[in-house]
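Just below is one structure, and these are the notes that go with it.
The values are calculated or read from the model by the stated rules, or taken from the named source; none is laboratory data. In this text, all values refer to a predicted model and were calculated from it rather than measured experimentally. Neighbour counts are summed over all protein chains in view; Cβ atoms, including those assigned to glycine, are modelled from backbone coordinates with ideal geometry.
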Amino acid sequence: MAKKKALTTVLVNQVSTVELTRRNTSNSLSLEVRSGKELLGTLILGRGSVQWWPKGSKTNGFSKGWKDFVGLLESAISK
């Protein structure tokens, strides 16, 4: 019997826009990433970088500049 694929749901509750391109702003967009009700981590998009914070971690965040982040995605896609 074939294994059922997991259902992926994307829910966005955005009430305003976030301006990431202005100089000298501390604006960022934080996205909670979940699988069902389970929190997997938080993705923070800022003007200069992208950060991933796994669930429950306050010290083991992963941070990349935008160019490095694009390279990481491109290498993951090409595999």
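With small (G, A, S), out of contact with any Lys or Arg (no Cβ under 9 Å at 6 or more places or on another chain), surrounded by 10 or more Cβ atoms within 10 Å (Cβ to Cβ) and modelled with pLDDT of 70 or more as the only criterion, which of S75, S30 stands out?
Working: S75 fails: surrounded by 10 or more Cβ atoms within 10 Å (Cβ to Cβ).
Selected residue: S30, the only one of S75, S30 that is small (G, A, S), out of contact with any Lys or Arg (no Cβ under 9 Å at 6 or more places or on another chain), surrounded by 10 or more Cβ atoms within 10 Å (Cβ to Cβ) and modelled with pLDDT of 70 or more.
Would you pick out the residues in the stretch 42-61 that are at pLDDT below 90 and exposed (fewer than 13 other Cβ atoms within 10 Å of the Cβ)? Answer for the stretch 42-61, where residues must be at pLDDT below 90 and exposed (fewer than 13 other Cβ atoms within 10 Å of the Cβ): G48, G56, S57, K58, T59, N60. Given the criteria surrounded by fewer than 10 Cβ atoms within 10 Å (Cβ to Cβ) and at pLDDT below 85, does K67 qualify? No. Filtered by the rule that a residue be under 12 Å from the mean Cα position of the chain (by Cα), of a type outside the set (V, I, T) and not in a loop (DSSP other than H, G, I, E, B), the stretch 46-65 gives G46, S49, Q51, W52, W53, P54, F62, S63, K64.
Within the group S49, S57, which residue is touching a helix residue (DSSP H, G or I) at 6+ places or on another chain (Cβ under 9 Å) and of a type in the set (S, T, N, Q)?
Just a single option satisfies the conditions, and that option is S49.
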